[in-house]
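Here's the structure, in structure tokens; my notes come after.
Only the coordinates and a few stated rules stand behind these numbers; no lab work does. Please read all numbers here as calculations on a predicted model, not as lab measurements. Every residue, glycine as well, gets a Cβ built from its backbone with ideal geometry; the counts of neighbours run over all protein chains shown.
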Amino acid sequence: MPKDKTPKAKRGTKEAAAATSLAQGPQPGTQLLTSLSELPQRGRIDHHGYVESMTILPPQQAPAFSVTVVDHPAPPGGRRSAVPHLRLIFVGQRRVPGLVAGARLHYVGMVAPIDSVPTIFNPRYEILPAK
């Protein structure tokens, strides 16, 4: 029987399962996006993007951590016109380690419009090294 190469600390964790499923490639029916301008109204997507902003809710509200993702980071110190964006919401989380403004992500999930903003709840994600 082949030996499991997963580090012991990571075996059986959600992060290990998410990283494994992302590494195996897209599931059937998943739309691979090269740009958020191709975003469908609803459906499963697979995309790489950058965290543009984060929203941390006050302690009195139910825990949910939200980030806004765009295709490319804004130029340093510069403004840009409106660009397509997507909201990722992590229900039950006050913060997600590593998800900060400027972080590069690979994420997969079901997109649906919530308050007219394309949104994915609890996506599978992988934080990628900066380019």
Once both label points are put 7 Å beyond Cα along the C-beta direction, the ALA101-ARG79 separation in nm becomes 1.5 nm
Pseudo-spin-label distance ALA112 to GLN93, built 7 Å along Cα→Cβ, given in nm, is 1.9 nm
The correct pair for the range 14-128, radius of gyration to one decimal and Dmax as a whole number, both in Å and from Cα atoms, is 13.9, 41
Most exposed first, judged by fewest Cβ atoms within 10 angstrom, HIS48, HIS72 run HIS72, HIS48
